[in-house]
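Student: Encoded as structure tokens, here's the structure I'll be asking about.
The values are calculated or read from the model by the stated rules, or taken from the named source; none is laboratory data. Worth saying up front: this structure is predicted, and the values here are computed from it rather than measured. Cβ placement follows ideal geometry from the backbone for every residue including glycine, while neighbour counts extend to all protein chains displayed. Areas reflect the complete protein model, heavy atoms only, side chains present, ligands, DNA and RNA absent. Shrake-Rupley method; radii C 1.70, N 1.55, O 1.52, S 1.80 Å.
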Amino acid sequence: MTTPRVLLLEAAGPESGALAATAVASGYQVYAATQSEAHTTYSANLRNLLAGCLLTDFSQPEQAFHDVVAYAHRIGADVVLTTNEYLTPLLAKVCAALGLPGNDPAHAAAARNKAAMSEAFARNGITAPRTLVVDDENELRRLFATEKITFPCVIKPAEGAGSAGVTVVHDPAGLAAAWRAAHTPRGMYGMPLDPRVIVQDYVEGTEYSVESLTQNGSTTHLCATRKAVTIGAHRVEVGHSLPAILPPHIERAVHQEVERAITAVGIRNSASHTEVMLTPDGGCTVIEIGARLGAGQIGFLIRHALGIDPWTALLDTALGHPADLTPTRYEYATVRFLTSPCTGRLASVAGLPPTGPGVPAVHLRTAIGDAVQDVWANRGRLGHFVVTGPDADTVDRRAELLLAQITIEVVPEPATPNGVGRPRPELRPNRAGAQEGT
Ligand SMILES: Nc1ncnc2c1ncn2[C@@H]1O[C@H](COP(=O)(O)OP(=O)(O)O)[C@@H](O)[C@H]1O
Ligand SMILES: [Mg+2]
């Protein structure tokens, strides 16, 4: 067989970088498709891994589809992959056009768009929150006036990610601000987004995600991940720990629900990340599903805790080879994200642990002097550290101790009209192309 050629739809971001590095280490040639402004953020390291790069415009989906398919033909791509949720519908279309293993393009939008997802869940009898899809603010008012909205509820954009624009609303007074937060366009690459807003019943419970890999329609669950999420109006994920051990009967019920969700959104050959709420009565409600590996370090935690290499597994899946998903160790890993105490400018960060045994990664991605935001979306996280060890108790205790030693000082600055703490023009607030989901 000739050297496999791998085309990544976006190579920026930690997961995509790991995928590129793994592919190169396996002797594959790696290419990327991206957009000019994202390409300028590629590090020298990443550029060195790439055999070539297509600059396209993801804000023009049809044109981007044709560009990517033509480029894939030109380089003779054997694999097309993405770790970026925004690009999963495009990936499904491209794989279908090239005859490569992928997901069902007819259903791929349902793993991205929460209105389509809610319909797919309802059609397939998946336990999910009652969901209303709202076109405009007048309709929201009408729904409230006719008592279709109950409190607490959750208001979110139809095509958001990374908790951006998601608000838990406890009373009618909070509806207008939540509408504005959900309706403010955000996304990536200027891609056209569904402007509708989702209103969901609030589900009380403990939040987990399930990390799975599906090959030819057959799913293996790698683990469940326990999430630490902020309380309050905006729910930002501040920690992930895995593998979460659930009682066997609960685990069976969760897997069953997740498998139905995977099938409902047309996942046939890819990783998936399904967020679920376990309710006090032992039930499992599916909050959302993405046709990609969990972000927020989850892939790295899987490798540390279970010895499974998710990047090789993704490449094998995309090549149509059986992936090796057998754990080679049974340990535990957690990531804790650093957040800003208020909106303003980052003045100092002290007490970060050094990397060493049991602390394989420490990363501060925000520079001193950068604009920072009160905890509002995953995008506002300042950095993270990872702790690994033999069991949950040891690891969680150590992570809490390390977190308590970190001091973050922020000089408060008022929010600006179009957001908060406008970034300095010469500094990039976020790396373009890096997805901020989980
Ligand atoms: N219906 C719901 N009930 C309870 N919490 C919810 C609900 N929907 C969302 N959340 C909370 O808000 C977070 C972000 O919402 P989510 O639907 O996952 O959006 P995103 O695609 O931005 O991640 C979830 O992780 C969860 O903590
Ligand atoms: Mg989510």
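Student: Diagonalise the Cα gyration tensor of the chain and give the resulting equivalent ellipsoid semi-axes, square root of 5 times each eigenvalue, largest first, whole Å.
Tutor: Three semi-axes, in Å: 30, 27, 24.
Student: Collect residues whose amide H, placed 1.01 Å from N in the peptide plane, falls under 5 Å from the amide H of Leu222; neighbours closer than 5 in sequence don't count.
Tutor: Residues meeting the criterion, in which the H sits 1.01 Å from N, are Glu211, Ser212, Leu213.
Student: Please report, for the Cα atoms of the range 206-330, the Rg to one decimal and the Dmax as a whole number; what are they, in angstrom?
Tutor: Rg then Dmax for the range 206-330, in Å: 14.0, 45.
Student: Quick one: with all protein chains in place, what share of the accessible area of the chain is carbon or sulfur, to the nearest percent (1.4 Å probe)?
Tutor: 53
Student: Please build a GNM for the chain, connecting alpha carbons under 10 Å apart, and tell me which residue among Thr230, Thr167, Thr263 fluctuates the most.
Tutor: Maximum fluctuation in the GNM of the chain, among the listed residues, is at Thr230.
Student: With a ≥ b ≥ c the root eigenvalues of the C-alpha gyration tensor of the range 88-208, is it rounded (a/c under 1.5), prolate (a/b larger than b/c) or oblate?
Tutor: prolate
Student: Same structure again: Give me the percent relative contact order of the chain, please, defined on Cα pairs under 8 angstrom at least 6 residues apart.
Tutor: In percent, rounded to a whole number, it is 15.
Student: On to the next question. What aspartates and glutamates sit close enough to Lys114 to cross-link, taking a C-alpha to C-alpha distance under 15 Å and skipping anything fewer than 8 places away on the same chain?
Tutor: Straight-distance partners of Lys114: Glu85, Asp135, Glu159, Asp194, Asp201, Glu275, Glu288.
Student: A follow-up question, please. Using a 10 angstrom cutoff on alpha carbons, build the Gaussian network for the chain and name the most mobile of Val229, Val30, Val168.
Tutor: Of Val229, Val30, Val168, the most mobile in the Gaussian network model is Val229.
Student: Taking a probe of 1.4 Å, how large is the accessible area per residue of the chain, in Å²?
Tutor: 42
Student: Roughly how many whole Å is it from the C-alpha centroid of the range 191-225 to that of the range 125-189?
Tutor: 18
Student: Another question about this same structure. Give me the distance in nm between label points sitting 7 Å out from Cα along the Cα-to-Cβ direction at Asn138 and Leu193, one decimal.
Tutor: According to this spin-label approximation, the distance is 2.4 nm.
Student: May I ask for the net charge around Pro243, where only other residues with Cβ less than 15 Å from the Cβ of Pro243 are counted and Lys, Arg are +1 while Asp, Glu are -1?
Tutor: Once all neighbours under 15 Å are counted, the net charge is -2.
Student: Name the long-range amide H neighbours of Val229: under 5 Å, sequence gap of 5 or more, or other chain; modelled H, no Pro or chain starts.
Tutor: Residues meeting the amide H criterion: Val238.
Student: Another question, then. Report the FRET efficiency, 1/(1 + (r/R0)^6), for Arg130 and Ile250, where r is their Cβ-Cβ distance and R0 is 25 Å, rounded to 0.05.
Tutor: 0.65
Student: Quick one: check the C-alpha center-to-center distance for the range 300-318 versus the range 16-30, whole angstrom.
Tutor: One Cα centre to the other: 13 Å.
Student: Using θ = phi - 60° and the Karplus form 6.51 cos²θ - 1.76 cosθ + 1.60, what ³J(HN,Hα) does each residue of the range 307-323 get, whole Hz, x for Gly and Pro?
Tutor: Coupling constants for the range 307-323: x, 7, 9, x, 6, 5, 5, 5, 5, 4, 4, 5, 7, x, 9, x, 8 Hz.
Student: For the modelled label position 7 Å from the Cα of Thr146 along Cα-to-Cβ, which residues of the range 104-137 have backbone nitrogen atoms closer than 16 Å?
Tutor: 131-137
Student: Another question, then. Would you please classify the overall shape of the range 90-140 from the alpha carbon gyration tensor, given that a ≥ b ≥ c denote the square roots of the eigenvalues, rounded means a/c under 1.5, and beyond that prolate means a/b larger than b/c while oblate covers the rest?
Tutor: Since a/c reaches 1.5 but b/c is at least a/b, the shape of the range 90-140 is classed as oblate.
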